[in-house]
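S.K.: Once you've had a glance at the structure underneath, I'll fire off some questions.
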Amino acid sequence: METAGALAFLSLLAAAWAAGLPPAATLQGARFPPCDSAEAEAAALAAVDFINAQHHHGYKHTLNRIEEVRVLPRLPAGETYIMELDLLETKCHVVSPTPAQGCPVRPLVETKVEGDCDVILSKVDGAFTVTAYKCKSKPDSAEDVSRLCVGCPSLLPLNDTLALQAVTNSLTTFNAGPNETAHFELMEVGRLASQVVGGGAMYITEFAIVETNCTDLEAADPQAVCVPLSESLARHGFCTGSVLPGVPSEPVVTVDCDIFGAAGPEILIVSNDSQAVPAGPPAGPPVVHHHEHAGQGPHSHGFKHHQLTAVHGDVTPGLFSSESAEAAPAPVPAQVVKREVAAAPPVPAAPGQAAVPLPAVCPGRVRHF
């Protein structure tokens, strides 16, 4: 037990040193701004932007709620913010140039995905820099969705064979359409779902595509070797499709694709931790929207969603909550300050009226659901 206690103390010291904290600050000297304060909001948005920048598959996430925030003095200057955030998956794939704040949140009936993230940021000269985070994400259960609506689409694993065939059919239909001469290939499957309709089981697909070096005419040649263009030259797209198997007729395929302009040469910014971070895609040409409908006939795994990048930076146990513990190595027990947040005392009432309680300082407001 003495050895375990010593290790826990040393790990806490290591976390404090890595975050620029004086060792004593891990136990005292913290301040707790309200979760809905301007400074907490600014720190949280900086954290979400950084998390999205590290997330190279699936969908962008947006802030839903600030659960907790504590601020510690940082050596030699500035402050360190330790935050617990709730995120929600949006409907914008990572290839979309739309900022996460402008993306619609996936509705409950489509099986929402929640992310729990613990983040450490430093603030020096008014600028926030993320030094570490750990996240876990999970979709609602089928039971949760069925309570909302009977007959809603059911989320499928990303390696479902029949649904992947629906993706292939949808992409073939798009490439055969008249709106594009370039040939696109599958980049990754975003989501797969099924829904029972009048004609049977309909497969609903979401997938990202990438432009290749072939035209559609060239790709029709069985000897053609079509490969994706380089990251700076390739246009990317995001498609939603549905396939209703036809018995005995051909399946009915509907697909809509948004095509985004090429990113151009990547610009790198060297952050404080000496890691190159993409500055983000420059503003490209307007999105081109295509729609195809036909009556004819990857990247995947056993999960039903693309999980958030679980760990970044030094996630030494002791500074993070247990909400995202599954995403990181098993924590070493360490004594840290626990903040018990209670509602503020009620506002004195006018004569003859009931007292009005003030909202708790933390957690903050729920932005979506």
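S.K.: Restricting attention to the range 142-159, which residues are among the hydroxyl-bearing types (Ser, Thr, Tyr) and under 16 Å from Arg191 (Cα atoms)?
M.R.: Ser154 - this is the single residue of the range 142-159 that is among the hydroxyl-bearing types (Ser, Thr, Tyr) and under 16 Å from Arg191 (Cα atoms).
S.K.: Return the pairs, sorted by first residue and then second, in which the second residue is surrounded by fewer than 12 Cβ atoms within 10 Å (Cβ to Cβ) and at pLDDT 95 or above, the first residue lies in the range 217-246 and is within 14 Å of Met187 (Cβ to Cβ), the beta carbons are less than 6 Å apart, and the residues are 6+ apart or on different chains.
M.R.: Here the result reads none, with nothing in the range 217-246 linked to a residue that is surrounded by fewer than 12 Cβ atoms within 10 Å (Cβ to Cβ) and at pLDDT 95 or above.
S.K.: Same structure again: Please work out which residue is most open to solvent (accessible area, probe 1.4 Å), limiting yourself to the range 128-183 and to residues that are assigned to a loop (DSSP other than H, G, I, E, B) and under 19 Å from Cys226 (Cβ atoms).
M.R.: Ranking the qualifying residues of the range 128-183, first place goes to Thr181.
S.K.: Among the residues of the range 186-215, count how many are surrounded by fewer than 17 Cβ atoms within 10 Å (Cβ to Cβ) and either touching an Asp or Glu at 6+ places or on another chain (Cβ under 6 Å) or within 19 Å of Phe260 (Cα to Cα) (or both).
M.R.: The qualifying residues number 1.
So that you can scan it fast, the table gives a plain yes or no per residue for (1) of a type outside the set (Lys, Arg); (2) closer than 28 Å to Ala263 by Cα; (3) at pLDDT 95 or above:
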position: Leu108; (1), (2), (3): yes, no, no
position: Lys112; (1), (2), (3): no, no, no
position: Val119; (1), (2), (3): yes, no, yes
position: Ala127; (1), (2), (3): yes, yes, yes
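S.K.: Here's something else I'd like to know. With (1) closer than 23 Å to Gly126 by Cα; (2) assigned to a strand (DSSP E or B) as the list, and Pro76 as the residue in question, which single condition is left unmet?
M.R.: (2)
S.K.: Go through the range 75-102 residue by residue and tally those that are closer than 17 Å to Cys117 by Cβ and of a type outside the set (S, T, N, Q).
M.R.: Selection size over the range 75-102: 11.
The values are calculated or read from the model by the stated rules, or taken from the named source; none is laboratory data. Remember, it's a predicted structure, so these values are computed and weren't measured experimentally. Virtual Cβ from ideal backbone geometry, glycine too; neighbours counted across all protein chains shown. The accessibility values were calculated without ligands, DNA or RNA, using every heavy atom of the protein model including side chains. Shrake-Rupley method; radii C 1.70, N 1.55, O 1.52, S 1.80 Å.
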